[in-house]
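**Student:** First the structure, then my questions, so here it is.
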Amino acid sequence: MGKKCVECGEEAKYKIKDSSEYYCGECAEEHFGDLDLLVVLEDEAQKLKDYVNKKLAPQEEEEFDQD
């Protein structure tokens, strides 16, 4: 389940950094003009996945070594 735009309720693709305000592409352009000021949700999701994988990697190596 994705985040919803605070303006129109469509699926959000952007957010304000360190905020819980999310925007779809159309509303983001309308309100901010420069989308570079916003965080792309896909980028944030990838960073989170990388962090989790990095934290899990040592545990997986431990389990492998015990076999």
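The values are calculated or read from the model by the stated rules, or taken from the named source; none is laboratory data. Just so we're clear, the structure is a prediction, and the values are computed from it rather than from any experiment. Counting neighbours? That spans all protein chains shown, and the Cβs are built from the backbone with ideal geometry, glycine included. These accessible areas exclude ligands, DNA and RNA; they are computed on the full protein's heavy atoms, side chains included. Shrake-Rupley method; radii C 1.70, N 1.55, O 1.52, S 1.80 Å.
**Student:** Inspect the range 8-21 for any residue being open to solvent by less than 70 Å² (accessible area, probe 1.4 Å), modelled with pLDDT under 85, in contact with a helix residue (DSSP H, G or I) (Cβ under 8 Å, 6 or more places away or on another chain) and of a type outside the set (Gly, Ala, Ser) and give the result as yes or no.
**Tutor:** no
**Student:** So, one more: Within the range 36-51, track down each residue that is acidic (Asp, Glu) and either in contact with an Asp or Glu (Cβ under 8 Å, 6 or more places away or on another chain) or touching a residue at least 12 places away in the same chain (Cβ under 8 Å) (or both).
**Tutor:** Step one: of the range 36-51, the residues acidic (Asp, Glu) are 36, 42-44, 50.
Across the range 36-51, the qualifying residues are Glu42, Glu44.
**Student:** Among the residues of the range 22-41, count how many are under 11 Å from the mean Cα position of the chain (by Cα) and either exposed (fewer than 10 other Cβ atoms within 10 Å of the Cβ) or at pLDDT 90 or above (or both). So that I can check it myself, show each step before the final result.
**Tutor:** Taking the range 22-41 and keeping what is under 11 Å from the mean Cα position of the chain (by Cα), we get 22, 39-41.
Narrowing the set further to residues that are either exposed (fewer than 10 other Cβ atoms within 10 Å of the Cβ) or at pLDDT 90 or above (or both) leaves 22.
Total satisfying the criteria: 1.
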